[in-house]
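Participant: What follows is a single structure, and I will ask about it in a moment.
The values are calculated or read from the model by the stated rules, or taken from the named source; none is laboratory data. Predicted, not measured: the structure shown is a model, and the values here were computed from it. Cβ coordinates were reconstructed from backbone atoms using ideal geometry, including for glycine residues, and neighbour counts include every protein chain displayed.
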Amino acid sequence: MKEEELIEKLKAEIIEQLSLEDITPADIDADAPLFVEGLGLDSIDAIELTHLLDRNYGIKLEDPKARREVLASVRSMAQLIAKQGK
Amino acid sequence: MQAYINSVSLISPQLTHDGSFLTHPLVNELACVMNCVEPVYKEYINPVALRRMSHVVKLGLAASAICMRQLPDVRPEAVIIGSGLACLSDLEKFTRLVEEYKEETLPPIPFINSAHNTVAAQIAMQHKLTGYNITYCHHFLSFESALRDAFMCLSEDMQNVLVGGIDERTSDNFHIYNIAGFWRKEPVNNLDLFKGSYPGTLNGEGAAFFILSNEKSDGSLACVTGVHTLLLPNSTIEDVNQELEVFLKKHSLSKEDIDLFILGRNGSNVYDSLYGQFEEEIPQSAHIAYYKHLCGEYMTSSSFAMWVASNVLSSQSLPDILTFRRGSRQDFHRVLIYNQALGKEHAFILLERA
């Protein structure tokens, strides 16, 4: 799957996982920070996103530093999935 | 002790949250369940917080907000809730996830919401009410337990308390009670609930909130003067009548002094016979009302009845949709709510005109 296709798929999954009812995939900037700025997500959302990666793509984020880097934006998540995802 | 009802709110399967229920009662076309007519939650709950809330939390927060908005200057010193099932749906979800994820790390939100006191805690956070905060999960006597605690708070040093009765329908709970034959097997129009003789009733839900005060105000709707519960398996009508007599005597009253009896008859021939026997000894001049055809059966449905009672006492009129037998009394001075479940959990709530 091309990176842009993966990003669109991931946006839809994030919206569903986090119950972002008023947000559409088009509202999410793939390069914008997911936390504090951008979507304004918080630490509970971080756990939900870690779960999403585990359940949907078999990726376990156990190192806190790596988790911060991967969950920085939709694009960084998509790049990890492209590299490691099952 | 007198607890004045200074504000009320109710979210139920009727249009009760916006006040149009009495003119537009809804008919639940052929169903075995009755779901709440929900308000626009964003008008009452922060949208960012809303996305993590389950159905029962949304019901509780919105109903409590409606209640508190009517008295913006009042800061309740306690939040006391009765809920038979509390946040059971989140617990159901959470336990399913434990199995699905093979006991590894779980999504946090169903776990966070699964505590029994979640609704009361969220109300406290939303309104910054840092005082006493508790939830009673006492099966079909949960609301009455909350009410009794509210009485104790008001008799000590508190002036205003927020009291609620809340329960939602959950799929697992419906299934378990269905096995026990608690619900109707065939769908029924709710307004026909009392027609014919069938086992089972409609599964309902609702959230009612009241600001109770130890001081009467110009806007007081009614006054709760007593609450009494009886837990007695296989209880007979003699047990119930004896308990009621003692309860009323404590208030220097008898059945003759009650103008309206609101009964929790639910249309199931398994448990309604007790109500039938109870009705036989109600004075002919008194009015009798039912309410579960409008909200279904749930563990805190007596809070729906208390909402009805406070409206009848303040408006001095009993709507036809609630009336089973119209008596000859012209005024409504005292109302008695009698609700029982499974023939063993009985509760009386006594209200008077404010």
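Participant: With the condition being within 14 Å of another protein chain (Cβ to nearest Cβ), I'd like the helices (runs of 4 or more DSSP H) fully within segment B:65-143 carrying at least 3 qualifying residues.
Facilitator: On the way: elements: B:88-100, B:108-113, B:118-127.
The helices (runs of 4 or more DSSP H) meeting that bar are B:88-100, B:108-113.
Participant: Now, a different point. Answer with yes or no whether B:Val48 is in contact with a Gly (Cβ under 9 Å, 6 or more places away or on another chain), surrounded by fewer than 16 Cβ atoms within 10 Å (Cβ to Cβ) and either part of a strand (DSSP E or B) or among the β-branched types (Val, Ile, Thr) (or both).
Facilitator: So B:Val48 passes the test.
Participant: Moving to a separate point now. Going through segment A:19-37 one residue at a time, which ones are modelled with pLDDT under 90 and within 14 Å of another protein chain (Cβ to nearest Cβ)? Steps first, answer last, please.
Facilitator: From segment A:19-37, those modelled with pLDDT under 90 are A:19-23, A:36-37; that's our starting set.
Correct list: A:Ser19, A:Leu20, A:Glu21, A:Asp22, A:Ile23, A:Val36.
Participant: Same structure again: For segment B:42-59, how many residues are of a type in the set (Gly, Ala, Ser) and touching a Ser or Thr at 6+ places or on another chain (Cβ under 8 Å)?
Facilitator: The qualifying residues number 1.
Participant: Now for a separate question. What are the residues in segment B:137-159 that are buried (at least 24 other Cβ atoms within 10 Å of the Cβ) and of a type in the set (Ser, Thr, Tyr), if any?
Facilitator: B:Ser142
Participant: Restricting to segment A:38-66, name every residue that is more than 11 Å from chain B (Cβ to nearest Cβ), among the charged types (D, E, K, R) and part of a helix (DSSP H, G or I).
Facilitator: A:Lys65
Participant: Any idea how many residues of segment B:71-118 are of a type in the set (A, V, I, L, M) and farther than 30 Å from B:Gly219 by Cα?
Facilitator: Here the count works out to 10.
Participant: Among the residues that make up segment A:30-47, is at least one of them touching a residue at least 24 places away in the same chain (Cβ under 8 Å), closer than 21 Å to B:Ser54 by Cα and surrounded by fewer than 19 Cβ atoms within 10 Å (Cβ to Cβ)?
Facilitator: yes
Participant: Identify, by number, the condition in (1) buried (at least 16 other Cβ atoms within 10 Å of the Cβ); (2) in contact with a helix residue (DSSP H, G or I) (Cβ under 9 Å, 6 or more places away or on another chain); (3) within 29 Å of B:His293 (Cβ to Cβ); (4) touching a residue at least 24 places away in the same chain (Cβ under 8 Å) that B:Cys67 doesn't meet.
Facilitator: With (1) buried (at least 16 other Cβ atoms within 10 Å of the Cβ); (2) in contact with a helix residue (DSSP H, G or I) (Cβ under 9 Å, 6 or more places away or on another chain); (3) within 29 Å of B:His293 (Cβ to Cβ); (4) touching a residue at least 24 places away in the same chain (Cβ under 8 Å) applied to B:Cys67, the lone miss is (2).
Participant: Looking at B:Ala124, B:Ala115, which is the one that is within 23 Å of B:Asp73 (Cβ to Cβ), surrounded by fewer than 21 Cβ atoms within 10 Å (Cβ to Cβ) and in the same structural domain as B:Gln70 (by TED's automatic domain parsing)? Spell out the reasoning first.
Facilitator: Details: B:Ala115 fails: within 23 Å of B:Asp73 (Cβ to Cβ).
Only one candidate passes the filter, namely B:Ala124.
Participant: If you don't mind, there's one more thing I want to ask. Give the residues of segment B:100-112 that are on the phi > 0 side of the Ramachandran plot and either surrounded by 15 or more Cβ atoms within 10 Å (Cβ to Cβ) or of a type in the set (Lys, Arg) (or both), sorted by residue number.
Facilitator: B:Lys102
Participant: I need every pair where a residue in segment B:328-341 that is farther than 19 Å from B:Trp307 by Cβ and touching a residue at least 40 places away in the same chain (Cβ under 8 Å) has its Cβ under 7 Å from the Cβ of a residue that is assigned to a loop (DSSP other than H, G, I, E, B) and polar (S, T, N, Q), sequence separation at least 6 or different chains.
Facilitator: That search, which allows pairs on different chains as well, returns B:Ser328/B:Ser285; B:Arg329/B:Ser285; B:Asp331/B:Gln316.
Participant: I've got another one for you. Can you tell me which condition B:Ser197 does not meet? The list is (1) buried (at least 17 other Cβ atoms within 10 Å of the Cβ); (2) touching a residue at least 12 places away in the same chain (Cβ under 8 Å); (3) over 25 Å from B:Ile80 (Cβ atoms), and all the others hold.
Facilitator: Unmet condition: (1).
Participant: Which residue is nearest to the other protein chains (Cβ to nearest Cβ), if the candidates are limited to segment B:1-60 and must be among the aromatic types (Phe, Trp, Tyr) and within 27 Å of B:Asn190 (Cβ to Cβ)?
Facilitator: B:Tyr41
Participant: Oh, and also: May I ask you to say which residue of B:Leu30, B:Leu61 is of a type outside the set (Gly, Ala, Ser), out of contact with any His (no Cβ under 6 Å at 6 or more places or on another chain) and over 30 Å from B:Asp320 (Cβ atoms)?
Facilitator: After applying the criteria, what remains is B:Leu61.
Participant: Also, I was wondering about something else. Being basic (Lys, Arg), at pLDDT 95 or above and surrounded by fewer than 19 Cβ atoms within 10 Å (Cβ to Cβ): is that true of B:Lys216 here?
Facilitator: yes
Participant: In this structure, does B:Tyr275 turn out to be in a loop (DSSP other than H, G, I, E, B), surrounded by fewer than 23 Cβ atoms within 10 Å (Cβ to Cβ) and of a type outside the set (S, T, N, Q)?
Facilitator: Taking the combined requirement at face value, the residue does not satisfy it.
Participant: Which members of segment A:1-17 meet the condition of being under 13 Å from A:Met77 (Cβ atoms) and within 14 Å of another protein chain (Cβ to nearest Cβ)?
Facilitator: A:Glu13, A:Ile14, A:Gln17
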